[in-house]
Amino acid sequence: MSIDYTERIPNNVNLAEDRRLQRALESWQPAFLQWWGEMGPTLPTQDVYLRTAVAVGREGWANFARVKLPEYRWGIFLAERDPGRRIAFGQLKGEPVWQQIPGEHRSSLQRLIVVQGDTEPASVEQQRRLGLTAPSLYDLRNLFQVNVEEGRHLWAMVYLLHAYFGRAGRDEAEALLLRNSGSEDSPRILGAFNEETPDWLSFFMFTYFTDRDGKYQLGTLKESAFDPLSRTCEFMLKEEAHHMFVGTTGVDRVVERTAVLMREHDTDDVAPLGGIPLAVIQKYLNFHYSVSLDLFGGETSTNVANYFTSGLKGRWQEERRRDDHVLTEAVTAVEQIEGDRIVAVELPALTALNHDLRTSYIADCETGITRWNRILASNGVTGPQLRLPHVGFNRKVGMFVGCHVTPDGQIVDAAAWEAGQPAWLPTAADKVHVESLMRPVYEPGKIAAWLAPPRNGINGQPLDYEYVRF
Ligand code: BYC
């Protein structure tokens with residue numbers, strides 16, 4: 001299914017055949033562009049070497065070209081429709097998927113789409129000033145790639161709101177541009193999207209941990225009985241892979257540089273040498289991991305049980321699971337707090353689906369840890385290792401709220417928590433040091449000294465390619 005680029009809004013949904021919808025979206029478009037101008041990247045550029053989706057199939061789905069950022073062709077792209085697709089889980093398992101929304105599921109689906117949609121512009125807002133301090137043109141280009149695609153993911157959700165939710169959907173689409181990350185009066189909906197991303201270490205951690213929540217949440221929405229949502233998320237996931245690549249390889253490069261400095265100078269204190277100490281990397285990791293765990297909601301949730309039972313939101317890789325896909329009888333082990341201990345108890349699997357998704361996410365996060373520790377080892381750093389903190393550490397959502405859990409998983413009192421914090425979460429001094437390293441490096445082929453160069457360029461281009469022109 002090709003994408004029509006002759007339209008004002010590029011799309012593969014035959015927008016031209018639905019004049020009302022087309023007009024509605026065309027009237028949202030200037031508001032989006034105004035939002036991009038005010039809340040998008042602050043660094044002025046001439047053009048950027050960007051990937052743009054041109055088809056939704058497996059092969060050759062995107063092309064690369066120099067693009068003026070505000071002229072990026074944001075559009076509406078859904079994965080191809082499978083006419084035989086059936087609901088894979090819940091009470092309606094085996095029935096054909098929906099092309100329209102059953103009235104009784106309207107408000108729940110709208111809520112899910114709004115929550116998903118809200119995160120996309122939020123991340124662009126969080127990252128808007130990073131262009132001023134990029135460690136290379138390669139990294140700067142990657143930042144802008146992530147930003148334009150998050151903008152496109154906003155378009156994806158806005159399309160669904162306009163096409164399927166009438167007046168209420170149009171109002172929600174407007175509101176997505178009115179809430180802002182960190183705003184006192186109208187913040188973004190989910191906690192992690194109101195945190196700052198003030199430096200590139202935070203950006204790499206965000207794209208590793210928070211974008212990975214996006215992967216898992218989109219994976220569950222891809223299972224939805226509401227077929228247009230499923231198809232939208234399927235295509236978003238394709239774009240999302242690069243965002244996590246930016247995070248994974250970004251942290252790789254920071255860890256590699258730190259390890260080299262540690263070995264060459266035989267010290268853990270690489271800060272005076274212009275590196276980021278491993279302990280500081282660990283603290284940033286602790287922070288981003290814990291706020292990202294909050295994005296999975298409570299360990300037990302009747303919301304999620306209802307979403308599953310009614311077919312709105314499935315599980316990660318639903319169709320690969322070897323069970324009845326209905327789960328009315330199933331139980332699962334979930335951590336609970338018992339006095340000053342954390343123990344596992346059996347709970348109905350249906351209400352523990354957020355926990356189920358979070359478990360898959362945590363296993364995926366572990367792959368980064370293994371990778372980074374391998375980089376440390378291969379550079380001769382055998383002592384300290386990176387690790388994920390305990391799931392109860394620093395939590396603001398779910399059963400660990402109000403409970404002081406150390407990265408090791410010990411429940412401690414408020415005084416011990418206060419005393420331990422400087423060793424567990426970035427301190428003001430850590431942030432000042434990281435901030436002091438954030439100086440833009442905009443000469444083609446040059447890289448800031450606090451991280452290693454990337455292994456390869458983008459789309460086969462050399463590392464000294466002029467990825468961004470001013
Ligand atoms: N902050 O029943 P519960 C991405 C609310 S990231 C604030 O446990 P549920 C991306 C919750 O809404 C993926 N509030 O929650 C990444 C509920 O409120 P109501 C984004 C929170 O519904 C990087 C109440 O607490 N997509 O794509 O089972 C860059 C009770 O909670 C939070 C989605 O999240 C929080 N962290 O699950 C760009 C998918 N957590 O309804 C993009 C859509 C919970 O009682 N969203 N609450 O007023 C969902 O599936 C669910 O809404 C959640 C929560 C998983 C978020």
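Observations
- Output for the range 296-333, where each listed residue is surrounded by fewer than 21 Cβ atoms within 10 Å (Cβ to Cβ), among the aliphatic types (A, V, I, L, M) and not in a loop (DSSP other than H, G, I, E, B): 305, 331, 333
- Residue in the range 61-68 that is in a helix (DSSP H, G or I) and aromatic (Phe, Trp, Tyr) present: no
- Residues located in the range 436-462, provided they are closer than 18 Å to residue 251 by Cβ and in a helix (DSSP H, G or I): 437
- Taking the range 374-387 as the range and being assigned to a helix (DSSP H, G or I) and buried (at least 17 other Cβ atoms within 10 Å of the Cβ) as the test, the residues that pass are 375, 376.
- Boolean, residue 238 is surrounded by fewer than 19 Cβ atoms within 10 Å (Cβ to Cβ) and more than 12 Å from the ligand (Cβ to nearest atom): yes
- Residues within the range 410-435 that are closer than 30 Å to residue 200 by Cβ and not in a helix (DSSP H, G or I), tallied: 3
- Flag: residue 111 does not match the condition of being away from the ligand (no atom under 16 Å from the Cβ) and within 24 Å of residue 153 (Cβ to Cβ).
- Of all residues in the range 185-225 being of a type in the set (S, T, N, Q) and either part of a loop (DSSP other than H, G, I, E, B) or in contact with a strand residue (DSSP E or B) (Cβ under 6 Å, 6 or more places away or on another chain) (or both), the one that is farthest from the ligand (Cβ to nearest atom): 186
- Meets criteria (part of a helix (DSSP H, G or I), surrounded by fewer than 19 Cβ atoms within 10 Å (Cβ to Cβ) and away from the ligand (no atom under 16 Å from the Cβ)) for residue 279: yes
- Within the range 18-60, the set of residues being closer than 29 Å to residue 180 by Cα, among the small types (Gly, Ala, Ser) and not in a helix (DSSP H, G or I) comprises 40, 53.
- Residue that is farthest from residue 420 (Cα to Cα) [pool: residues in the range 356-394 that are within 15 Å of the ligand (Cβ to nearest atom) and more than 18 Å from the chain's Cα centre (by Cα)]: 356
- Looking only at the range 415-470, and only at residues there that are within 24 Å of the chain's Cα centre (by Cα) and among the aromatic types (Phe, Trp, Tyr), the one that is farthest from residue 372 (Cα to Cα): 467
- Sole residue being within 27 Å of residue 130 (Cα to Cα) and in contact (Cβ under 8 Å) with a residue 60 or more places away in the chain, chosen from 407, 422, 444: 444
- Screening the range 50-66 for residues that are loosely packed, with under 14 Cβ neighbours inside 10 Å and touching a residue at least 40 places away in the same chain (Cβ under 8 Å) and picking the one that is farthest from residue 143 (Cα to Cα) gives 57.
- Odd one out for residue 111 among (1) within 30 Å of residue 328 (Cβ to Cβ); (2) under 21 Å from the mean Cα position of the chain (by Cα); (3) not in a helix (DSSP H, G or I): (3)
- In the range 345-377, the residues that are free of Cβ contacts under 8 Å to residues at least 12 places away in the same chain and not β-branched (Val, Ile, Thr): 363, 374, 377
- Among the candidates 309, 249, 332, 302, the residue that is hydroxyl-bearing (Ser, Thr, Tyr) and under 20 Å from the mean Cα position of the chain (by Cα) is uniquely 249.
- Test: residue 181 is touching a residue at least 24 places away in the same chain (Cβ under 8 Å), touching a His at 6+ places or on another chain (Cβ under 9 Å) and either within 26 Å of residue 431 (Cβ to Cβ) or within 16 Å of the ligand (Cβ to nearest atom) (or both): no
- Residue pairs meeting the criteria (Cβ under 7 Å; at least 6 apart or on separate chains; first modelled with pLDDT under 95, in the range 80-102; second crowded, with 18+ Cβ neighbours inside 10 Å and in a loop (DSSP other than H, G, I, E, B)): 80/56
- Restricted to the range 334-353, and to residues there that are part of a loop (DSSP other than H, G, I, E, B) and at pLDDT below 95, the residue that is surrounded by the fewest Cβ atoms within 10 Å (Cβ to Cβ) is 339.
- Within the range 413-470, the only residue that satisfies the criterion of being basic (Lys, Arg) and crowded, with 17+ Cβ neighbours inside 10 Å is 431.
The values are calculated or read from the model by the stated rules, or taken from the named source; none is laboratory data. All of these numbers come straight from a predicted model, not from anything done at the bench. Neighbour counts run over all protein chains shown; Cβ positions are idealised from the backbone, glycine included.
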